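Undergrad: The structure's right below; bear with me while I get my questions together.
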Amino acid sequence: MNLVKQLPSLHTSHSSTCSKKSHHIFNLHISCSFSNNNSAPSSSPFTEKHSYERYQRDSWLYNKPTSLCSIQPDNSTSIRENDIALQLPELKKLLQLFRSKRGDEGRNGKRQLGNVFLVGTGPGDPELLTLKAMRVIESADLLLYDRLVSNDVLELVKGDARLLYVGKTTGYHSRTQEEIHELLLSFAEVGATVVRLKGGDPLVFGRGGEEMDFLQQQGIQVKVIPGITAASGIAAELGIPLTHRGVANSVRFLTGHSRKGGTDPLFVAEHAADPDSTLVVYMGLSTLPALAQKLMLNGLPFNIPAVAVERGTTPQQRMVFAELKDLMDEVTSAGLVSPTLIIIGKVVALSPFWPESSKEAIPILETRQST
């Protein structure tokens with residue numbers, strides 16, 4: 001398939017939107033000072049939408065060095081369109097390179113299709129990568145990576161592999177999900193080994209299932225390399241057992257996302273408010289007030305222990321422990337930002353970081369001693 005046909009938003013007609021001004025936007029003076037904290041090198045362990053690290057890493061996509069200094073954070077739509085238009089020529093060249101290198105046809109007159117690997121990179125700490133993930137990353141021709149693949153993990157990419165940012169954050173999607181599908185398909189069809197890097201585990205709130213289903217329907221072989229999901233990695237970092245005999249007999253993962261960016265979480269079932277279970281909420285920072293209220297209205301004790309963890313397992317990790325009723329106030333006071341994972345349940349009080357002064361009020365300790 002033709003990449004331009006598959007990706008309408010990458011069509012050359014977008015080049016008309018790339019005026020001299022837009023090309024000037026991507027002229028980088030490396031020595032410039034970054035006035036926006038999100039653009040400054042090392043301000044985040046992850047790839048923020050217009051960060052220095054992102055454009056430096058993806059510089060192969062641009063005919064001219066990429067500029068961050070002139071990017072206006074409040075104009076994300078035009079930046080996205082200009083960005084895609086500027087990338088299109090190099091993407092087409094890379095496709096042609098793989099096509100000529102491996103040929104459209106292999107033995108017996110059949111096309112030699114490439115493989116796509118969905119690779120989980122864990123919550124951020126590069127030492128939590130699996131050996132298999134490392135081996136696959138080292139064999140890649142092209143790596144499409146998300147926002148929550150940490151900079152430390154991306155620094156492990158070696159050789160001639162090309163990196164392409166396809167991350168999403170609130171209010172800015174560098175690529176739509178459909179465009180990501182078509183990029184994966186286009187490069188796999190010309191025989192490239194394509195690695196799709198995702199934070200955590202690719203099949204836990206990572207939309208990996210959608211990508212796998214799409215590609216398999218097109219006849220592309222997809223292999224999944226699991227990663228340590230944020231719930232497991234961050235809980236271990238804080239010394240919180242997600243299940244514990246006599247305390248929590250189950251664990252439930254929920255997404256805190258709302259429809260169309262609203263303040264109400266998508267779904268909080270009555271059975272999620274179970275004091276004998278551990279609840280882990282992904283992407284729940286913006287909907288936390290409504291989430292906590294619904295859980296308490298459905299019977300979860302207002303004083304049940306909870307923790308919110310920003311950028312867990314990275315050097316920039318920050319955390320707030322509180323009873324559920326106070327959690328939002330504490331999060332606001334601390335100024336936590338996305339990505340933040342929320343863990344709610346009696347097991348949170350087993351963490352060595354749980355405030356000692358509060359432990360006497362938590363019946364969990366008596367349960368722990370009796371078991």
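Undergrad: Mind telling me which of the residues Phe214, Phe187, Phe205 ends up being in contact (Cβ under 8 Å) with a residue 12 or more places away in the chain and within 14 Å of the chain's Cα centre (by Cα)?
TA: Result of the check over Phe214, Phe187, Phe205: Phe205.
Undergrad: Still on this structure: Assuming Gly335 fulfils every condition listed in (1) on the phi < 0 side of the Ramachandran plot; (2) under 28 Å from the mean Cα position of the chain (by Cα) apart from one, which condition is it?
TA: Every condition holds for Gly335 apart from (1).
Conditions tested, residue by residue: (1) open to solvent by 80 Å² or more (accessible area, probe 1.4 Å); (2) modelled with pLDDT of 90 or more; (3) aliphatic (A, V, I, L, M).
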{"residue": "Leu91", "(1), (2), (3)": "no, no, yes"}
{"residue": "Leu97", "(1), (2), (3)": "yes, no, yes"}
{"residue": "Asn115", "(1), (2), (3)": "no, yes, no"}
{"residue": "Gly120", "(1), (2), (3)": "no, yes, no"}
{"residue": "Pro123", "(1), (2), (3)": "no, yes, no"}
{"residue": "Pro126", "(1), (2), (3)": "no, yes, no"}
{"residue": "Leu129", "(1), (2), (3)": "no, yes, yes"}
{"residue": "Met134", "(1), (2), (3)": "no, yes, yes"}
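Undergrad: Filter the range 28-60 for residues that are part of a loop (DSSP other than H, G, I, E, B), at pLDDT below 50 and of a type in the set (S, T, N, Q); which is least open to solvent (accessible area, probe 1.4 Å)?
TA: Ranking the qualifying residues of the range 28-60, first place goes to Asn36.
The values are calculated or read from the model by the stated rules, or taken from the named source; none is laboratory data. These numbers come from a predicted model, not from an experiment. Every residue, glycine as well, gets a Cβ built from its backbone with ideal geometry; the counts of neighbours run over all protein chains shown. Keep in mind that these areas ignore ligands, DNA and RNA; they rest on the heavy atoms of the full protein, side chains included. Shrake-Rupley method; radii C 1.70, N 1.55, O 1.52, S 1.80 Å.
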